[in-house]
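First comes the structure, then the notes that go with it.
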There are 4 protein chains.
Amino acid sequence: MDLFAENVLDHGFVRLVDFMGGDLAVVQAARVSVGKDITTPDRDRKLVHFLLENRHETPFEHSLFKFHIKCPIFVARQWFRHRISSYNEISGRYTEMKEEFYLPQTLRAQKNKNYVYTALEEKMNEELLRQVENSYQQAFQLYQTLLQQGVAKEHARIVLPLALYTEFYWSVNARSLMNFLMLRSDPHAQWEIQQYAQSLERVFAAQMPWTHEIFCKMKTKV
Amino acid sequence: MDLFAENVLDHGFVRLVDFMGGDLAVVQAARVSVGKDITTPDRDRKLVHFLLENRHETPFEHSLFKFHIKCPIFVARQWFRHRISSYNEISGRYTEMKEEFYLPQTLRAQKNKNYVYTALEEKMNEELLRQVENSYQQAFQLYQTLLQQGVAKEHARIVLPLALYTEFYWSVNARSLMNFLMLRSDPHAQWEIQQYAQSLERVFAAQMPWTHEIFCKMKTKV
Amino acid sequence: MDLFAENVLDHGFVRLVDFMGGDLAVVQAARVSVGKDITTPDRDRKLVHFLLENRHETPFEHSLFKFHIKCPIFVARQWFRHRISSYNEISGRYTEMKEEFYLPQTLRAQKNKNYVYTALEEKMNEELLRQVENSYQQAFQLYQTLLQQGVAKEHARIVLPLALYTEFYWSVNARSLMNFLMLRSDPHAQWEIQQYAQSLERVFAAQMPWTHEIFCKMKTKV
Amino acid sequence: MDLFAENVLDHGFVRLVDFMGGDLAVVQAARVSVGKDITTPDRDRKLVHFLLENRHETPFEHSLFKFHIKCPIFVARQWFRHRISSYNEISGRYTEMKEEFYLPQTLRAQKNKNYVYTALEEKMNEELLRQVENSYQQAFQLYQTLLQQGVAKEHARIVLPLALYTEFYWSVNARSLMNFLMLRSDPHAQWEIQQYAQSLERVFAAQMPWTHEIFCKMKTKV
């Protein structure tokens with residue numbers, strides 16, 4: 001039923017639930033400025049390129065992607081900083097959360113004040129991941145104890161870690177999506193949100209191939 | 001090809017070019033907060049009503065209307081004050097404008113400092129409308145003279161009156177559309193934009209009947 | 001140095017760092033529509049009331065509050081849903097988080113599917129709060145272990161609970177602030193964010209007394 | 001009383017009515033992400049440069065400019081396309097418009113389909129400007145006739161040309177202002193709005209010199 005669905009990280013996903021518009025919708029919106037409409041594929045594709053290269057970005061706002069996303073809360077917190085889009089998220093006040101936490105395969109090591117990351121030494125990695133997993137379990141056990149004792153869901157959930165998975169619907173137009181991709185598929189973004197950005201970009205490339213083509217060129221320039 | 005098309009005023013129109021979402025998309029987005037989805041028509045319809053009555057307005061943002069509008073510039077100026085939506089308009093810098101001006105059927109009379117309007121006396125109305133029409137013709141003739149003498153379109157058009165028709169694509173989500181309708185179908189809005197709002201509301205009622213139903217109740221309350 | 005500062009919850013605060021505008025700025029912006037300016041306090045105050053009662057809300061956008069906020073992450077997550085405002089937050093990727101977690105004084109009990117809350121029985125409350133506090137300590141200890149072993153801050157922090165305190169600057173205009181207060185000081189909002197909303201409302205009342213006066217009347221009507 | 005005031009075109013102006021923030025407010029908002037504050041001028045200035053060069057644009061949103069603008073309607077129509085800012089404009093529905101129209105000193109000539117402009121030959125320019133001025137006078141005379149016969153202001157004004165001056169208050173944060181300047185001081189923008197953009201940029205340079213410094217470098221790169 002989905003237009004696209006892909007697993008991301010250990011329990012997350014990106015699903016494209018609905019879509020409106022596309023490359024030709026960009027052309028149509030842009031050509032109204034000269035009182036014209038869609039012409040030939042060759043000229044239309046060139047127009048899409050011209051628009052993005054010259055920062056005429058409003059014609060890209062008429063295409064809308066509606067996604068269903070599942071990601072850890074620490075990723076969602078970065079995501080929700082993008083304000084020109086629409087969100088509806090599962091609520092920990094009204095819903096009992098499931099025991100789903102993000103467990104990295106490899107913990108990243110970081111040299112002081114240096115944002116170049118390397119993998120942790122293997123033994124240490126295993127040992128620490130076991131402690132992390134253990135910590136998740138204890139937190140979730142306390143969460144359940146609190147609920148069983150009648151504590152409100154909205155209070156109980158505050159003991160759960162930022163690695164907890166959440167879900168939301170996200171509607172975003174192509175212009176705002178490109179801004180998201182530019183910032184979140186960048187190597188400076190946290191690796192986990194990069195994985196989501198790459199998945200979103202595959203959707204974008206499939207639905208708006210001409211726009212994606214020129215978007216890729218723009219990315220390398222910045 | 002259009003999902004909806006209707007003439008408005010003497011040369012204008014409202015066309016629904018594309019649409020995504022609907023009442024069930026509202027339900028879907030809202031139910032994610034409790035980890036659920038669409039259920040039965042009866043319960044879903046009640047949920048839509050509950051949401052709007054209790055100002056949970058974000059689920060309405062996932063439905064998008066893409067309109068093609070033609071209206072006089074003085075109407076467009078009121079329209080473009082609505083910022084949470086997307087516009088692409090015909091450009092008088094790049095396109096030669098057509099001789100299309102809004103001519104009211106009846107000029108409204110207004111008693112001083114009183115915003116109750118009445119129709120002008122018939123004879124006077126006829127006489128003044130003739131002068132208005134004449135004024136449009138002269139302005140357009142000057143516009144053409146300027147163009148013929150090589151004046152740039154962007155300069156020539158500044159002599160044209162605010163009654164000139166313009167065209168634009170307008171993409172707006174259901175939440176922002178409801179805000180537009182609330183303000184612009186109100187009797188305090190200028191009569192001309194009310195005509196457009198009524199046309200837009202017919203589109204809205206057809207595409208999202210449950211939402212429109214409760215929207216109507218809300219309107220009478222305010 | 002602050003224009004206002006108040007502690008909220010066990011480790012949080014609301015600070016007003018800067019402010020521009022006020023009731024007279026509302027009047028000034030509104031009167032431009034009739035080509036006039038500020039007049040007498042009595043007439044100006046009436047105008048402010050008229051504007052809000054009749055949903056002329058744009059004149060309230062020219063007043064800006066810049067706050068410095070410290071609150072638990074689960075509160076910040078509700079806060080950041082408000083998109084028409086500006087945020088800069090402390091980053092767990094770049095900064096080592098402090099051991100500051102929100103510990104409720106009394107855990108709220110909730111009867112099933114009923115959003116009326118009561119206080120938990122006292123003995124049980126004490127016992128459970130001790131477990132919660134203990135859980136915070138263990139999570140923070142693991143966080144420090146991870147950092148000591150060279151794990152990147154952005155990875156280590158994902159074990160920390162949603163009760164962790166965060167800080168951010170928040171600039172918001174008076175119109176958007178009123179929308180925040182309407183939703184977040186409502187009894188249906190979570191008690192913790194209500195405390196912040198009440199503090200923000202005290203700032204609002206002090207800086208824009210005429211606007212606050214009519215805002216209070218509007219609140220009771222909805 | 002104004003922080004800045006400058007005449008633009010034949011009857012227009014740019015006035016800075018109020019301002020909040022500045023370069024140090026950028027620094028303050030940015031440093032919260034690392035849990036720090038303002039340091040030394042040299043390091044702070046470098047930070048401002050780093051932020052803009054690396055597209056960390058949110059710290060610039062906490063500075064707000066409140067302008068009072070007077071410009072021709074065809075310029076205002078380009079201006080109001082910028083949605084991330086606040087507007088209150090004089091209303092032709094409620095206020096009798098003054099006889100103030102923009103008359104270019106030199107009409108621009110444009111070769112067909114070529115957006116390179118040259119000045120019109122002098123004699124022709126004089127002759128055509130006389131006709132333009134005449135056209136303005138006739139339109140305004142009709143406007144007054146309509147009003148005298150009791151026609152509502154909102155109807156009478158539709159005969160007035162796009163060269164008519166309008167006034168508005170405009171509050172815009174530094175990030176959105178930079179976007180405006182980037183697009184509207186560009187040589188591809190219409191010459192008239194470029195004049196306003198240059199005036200706004202002088203305000204910007206005076207209030208936020210460090211930000212303006214790096215903004216200028218960015219402009220030349222695009």
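Only the coordinates and a few stated rules stand behind these numbers; no lab work does. Remember, it's a predicted structure, so these values are computed and weren't measured experimentally. Backbone-built Cβ (ideal geometry, glycine too); neighbour counts: all protein chains shown.
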* Structure fact -> Computed over chain B, the convex hull of the Cα set has an average projected area, in nm², of 15.2
* Output the direction-averaged projected area (hull surface divided by four) of the convex hull of the alpha-carbon atoms of the protein assembly as shown, in nm². => 37.7
* Asked: Per residue of A:91-101, what is the mean number of Cβ atoms on other protein chains within 10 angstrom of that residue's Cβ?
  -> 3
* Pull up the cross-link candidates among the aspartates and glutamates for A:Lys123, meaning alpha carbon to alpha carbon under 17 Å and not fewer than 8 places away within one chain. => A:Glu133
* Asked: Counting Lys +1, Arg +1, Asp -1, Glu -1, what net charge surrounds B:Lys36 among other residues with beta carbon under 12 Å of its beta carbon?
  -> -1
* Structure fact -> The relative contact order of region B:1-88, taking Cα pairs under 8 Å that sit 6 or more residues apart, comes to a percentage of 36
* To do: Report the FRET efficiency, 1/(1 + (r/R0)^6), for B:Gln131 and A:Lys46, where r is their Cβ-Cβ distance and R0 is 60 Å, rounded to 0.05.
  => 0.80
* Structure fact -> Output row for C:His56: copy-to-copy label distances, label 7 Å along Cα→C-beta, ascending, in nanometres, one decimal, is 3.5, 3.8, 4.3
* Structure fact -> Contact order relative to length for region C:73-191, counting C-alpha pairs under 8 Å separated by 6 or more residues, stands in percent at 42
* To do: List the residues of region A:36-64 whose backbone N lies under 17 Å from a point placed 7 Å from the Cα of D:Asp186 along the Cα-to-Cβ direction.
  => A:47-61
* Please work out the ratio of the alpha-carbon Rg of region D:108-159 to 2.2 N^0.38 Å and round it to two decimals. => 1.69
* Over chain D, what is the mean sequence separation of C-alpha contacts under 8 Å (at least six apart), divided by residue count, expressed as relative contact order in percent? -> 29
* What is the local net charge at D:Arg93, summed over the other residues whose Cβ is closer than 12 Å to its Cβ (Lys, Arg +1; Asp, Glu -1)? -> 0
* Structure fact -> Summed over the other residues with a beta carbon less than 11 angstrom from that of D:Thr58, with K and R at +1 and D and E at -1, the charge totals +1
* Structure fact -> Shielding of B:55-65 by other chains, given as the mean Cβ count within 10 Å, works out to 5
* Asked: Put a point 7 Å out from Cα along the line to Cβ at C:Val116; what are the distances to that point in the other copies, in nm, shortest first?
  -> 5.0, 6.4, 8.0
* Asked: Is region C:1-115 best put as rounded, prolate or oblate by its Cα gyration tensor, with a ≥ b ≥ c the root eigenvalues, rounded for a/c under 1.5, and otherwise prolate when a/b is larger than b/c, oblate when not?
  -> prolate
* To do: Rounded to the nearest 10 degrees, what's the angle between the helix A:41-53 long axis and the longest principal axis of chain A, both from Cα atoms, 0 to 90?
  => 60
* Filter the cross-link list A:Lys66/D:Lys221; D:Lys46/D:Lys219; B:Lys217/C:Lys221; D:Lys46/D:Lys217; C:Lys46/C:Lys66 down to pairs whose alpha-carbon distance in this structure exceeds 24 Å. => A:Lys66/D:Lys221; C:Lys46/C:Lys66
* Asked: Given charges of +1 on the Cβ of Lys and Arg and -1 on the Cβ of Asp and Glu, with all other atoms neutral, how large is the dipole of the protein assembly as shown about its Cα centre, in debye to the nearest 20?
  -> 0
* Structure fact -> For A:17-26, A:53-62, ranked highest to lowest by mean beta-carbon neighbours within 10 Å, the order is A:17-26, A:53-62
* Peptide B:180-186 - average C-beta neighbours from other chains (10 Å radius) -> 1
